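The values are calculated or read from the model by the stated rules, or taken from the named source; none is laboratory data. These figures come from a predicted structure and were not determined experimentally. Note that each Cβ is placed from the backbone with ideal geometry, even for glycine, and that neighbours are counted across all protein chains shown.
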Amino acid sequence: MLIKKAEDIRSSEITPKSLYLNRRKFLAEAAMAGAAAAIGVGLKETISPSTSVLAGNKIDGVKKSSLSTTETVTPYNDVTHYNNYYEFGTEKDEPAEMAKNFRTRPWKVKIEGQVEKKQELDIDTILKMAPPEERIYRHRCVEGWSIVVPWVGFSLSELIKRVNPTSKARYVEFTSLFDLTRMPGQRRQVLDWPYVEGLRMDEAMNPLALLCFGMYGEELPNQDGAPLRIVLPWKYGFKSSKAIVRIRFVEKQPLNSWNISAPMEYGFYANVNPNVDHPRWSQAKERRLGEFLKRPTLMFNGYGDQVASLYNGMDLKKNY
Amino acid sequence: MHRYFKPVVFLACLVPLGRLAWRGLHAGLGANPIEFITHSTGDWTLTFLLVTLSITPLRKLTRQYWLISFRRMLGLFAFFYGILHLTTYVWLDKFFDVHEMLHDIAKRRFITAGMTAFALMIPLALTSTKWSIRKLGKRWQILHRLIYFSAAAGVIHYIWLVKADLKKPLEYAFVLGMLLMYRVIAWAIDRRASPNRVVEPRRQIAIQ
């Protein structure tokens, strides 16, 4: 354990940081101070500083994980003020503002479908199912940008094991909250609400698949999927459902929202793959937030060792 | 028209650029500055194209014929923001990777449309001088109808690049549609009023 830690420190201090500093010089942008200032609207920030949603509540007893990357973590303010969450608006900076007053308690999650006992779990029961871990993952959006986030949660398999799916359960489907009053973005039919996503059982049981309720050591901010989301670092970001209210175990491959919206562009698997372009743009490179030059995108977002075997013999060009 | 009017409008047209620069210096470009600059310059290119196209309907409907004196400047500002938009793509986004850009132009239809929109503006900017107007005569007007196609390609470029929310590109499309509709209606009315009109001006030119 100690040796691992030493390694972590060393490699994180070598290249990425100097790259990071270079681009800062270039854009004359104080991005580190951006943790306090880069709200997106300079003027607004000077007038009313820190309108940002600070989740604030620290999560106790978070363990480090060997699944974490040693890459430089993206500043908190970038992660919380630049993301897609169409339930709270289609602009990247909208979720932070529009999810500000989103209530995440009381919150229940229905467990349905092919399980021994259908039930409704309280969020606080779920959070106590397993000890929280910090997982620092790369996160790649289908649009071509990426971030590195220290998520807090535990493997999704911990929950699945506890609810005893039957042998008929071959897929798992995640449904996000549908509430026009609490999620104003749903008043517009940009997607077929509620947001649904799905995984094959073996994907869901992979230790990397994270049931997530925190980041940066604190509870998840509303705009990042509070109170409960999943994180699937080897897949494009849209696979990682937010604000989950139902987990259903099913026999057939479930539909997923972006696939319903544009089937030629977004598949069920959506594994990060630099060799299979989105029909309208290349997936070969990505822009890591905070870096000037684009970096090459890695197969399975660099998690091939853990997940490539799940897709043995599959044509990933067809199963995009 | 007041003699300070033109410089004031000129400076006003530079405000979007000034705003970008100010934000750039004050960490106001958000988490993805290059994307912010790309979107902002693209938006302003389209806006200036549409403003340029609204001069003719506006001056005819309001009978404020002096408005014509701003049309060239506004058109050139559309070109100016178009250059900034393209430069952002070539420099900041692709970092001069020619191979990748050619690949993009051929394969990505939204890039193809955007490049078309820009390419169509080049002859218009080049022939915006008084000398060209005089030299080209009637052909100048015909050539400058390319702006309709440039604006249309620009709007299509926007429609083709968004993921799911078409609201903003469709707003541009709606305004462009109205502006083009005006021309179709004006042309039809004109034609009905004097069916021989197409022949007449030619004869006039011949006489001159």
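Scan the stretch B:117-139 and tell me whether some residue there is among the β-branched types (Val, Ile, Thr), closer than 30 Å to A:Gln186 by Cα, at pLDDT 90 or above and over 15 Å from the mean Cα position of the chain (by Cα).
No, because not a single residue in the stretch B:117-139 is among the β-branched types (Val, Ile, Thr), closer than 30 Å to A:Gln186 by Cα, at pLDDT 90 or above and over 15 Å from the mean Cα position of the chain (by Cα).
From the set of residues in the stretch B:1-57 that are within 13 Å of another protein chain (Cβ to nearest Cβ) and among the aliphatic types (A, V, I, L, M), which is surrounded by the fewest Cβ atoms within 10 Å (Cβ to Cβ)?
The residue in question is B:Ala21.
Of the conditions (1) over 29 Å from B:Ile156 (Cβ atoms); (2) at pLDDT below 95; (3) touching a helix residue (DSSP H, G or I) at 6+ places or on another chain (Cβ under 7 Å); (4) not β-branched (Val, Ile, Thr), B:Ala31 satisfies every one except a single condition; which number is it?
Result: B:Ala31 fails condition (1) only.
From the list B:Leu102, B:Leu61, B:Leu92, exactly one residue is at negative phi and away from chain A (no Cβ under 14 Å). Which is it?
Selected residue: B:Leu61, the only one of B:Leu102, B:Leu61, B:Leu92 that is at negative phi and away from chain A (no Cβ under 14 Å).
In the stretch A:224-283, what count of residues is obtained for those that are crowded, with 19+ Cβ neighbours inside 10 Å and among the acidic types (Asp, Glu)?
Selection size over the stretch A:224-283: 1.
Please specify each residue of the stretch B:1-22 satisfying the condition of being modelled with pLDDT under 95 and either under 18 Å from A:Gly290 (Cβ atoms) or not hydrophobic (A, V, I, L, M, F, W, C) (or both).
Hits for the stretch B:1-22 are B:His2, B:Arg3, B:Tyr4, B:Lys6, B:Pro7.
If we keep just the residues of the stretch A:278-289 that are more than 8 Å from chain B (Cβ to nearest Cβ) and part of a loop (DSSP other than H, G, I, E, B), which is modelled with the lowest pLDDT?
A:Pro279
What residue, of A:Pro233, A:Pro254, A:Pro263, is more than 14 Å from chain B (Cβ to nearest Cβ), over 17 Å from the mean Cα position of the chain (by Cα) and part of a loop (DSSP other than H, G, I, E, B)?
Exactly one of A:Pro233, A:Pro254, A:Pro263 is more than 14 Å from chain B (Cβ to nearest Cβ), over 17 Å from the mean Cα position of the chain (by Cα) and part of a loop (DSSP other than H, G, I, E, B), namely A:Pro254.
Among the helices (runs of 4 or more DSSP H) lying completely within the stretch B:127-199, list those that include at least 2 residues that are among the acidic types (Asp, Glu).
B:167-193
Would you confirm, using the coordinates I've provided, whether B:Met101 is surrounded by 14 or more Cβ atoms within 10 Å (Cβ to Cβ) and part of a helix (DSSP H, G or I)?
Yes.
Which of (1) under 24 Å from B:Glu171 (Cα atoms); (2) more than 12 Å from chain A (Cβ to nearest Cβ) does B:Trp66 not meet, given it meets every other one?
Answer for B:Trp66: the failing condition is (1).
For the stretch A:105-149, list the strands (runs of 3 or more DSSP E) that sit wholly inside it and hold at least 1 residues that are closer than 30 Å to A:Asn275 by Cβ and not polar (S, T, N, Q); which are they?
Because the criterion is at least 1 residues that are closer than 30 Å to A:Asn275 by Cβ and not polar (S, T, N, Q), the strands (runs of 3 or more DSSP E) in the stretch A:105-149 that meet it are A:133-140.
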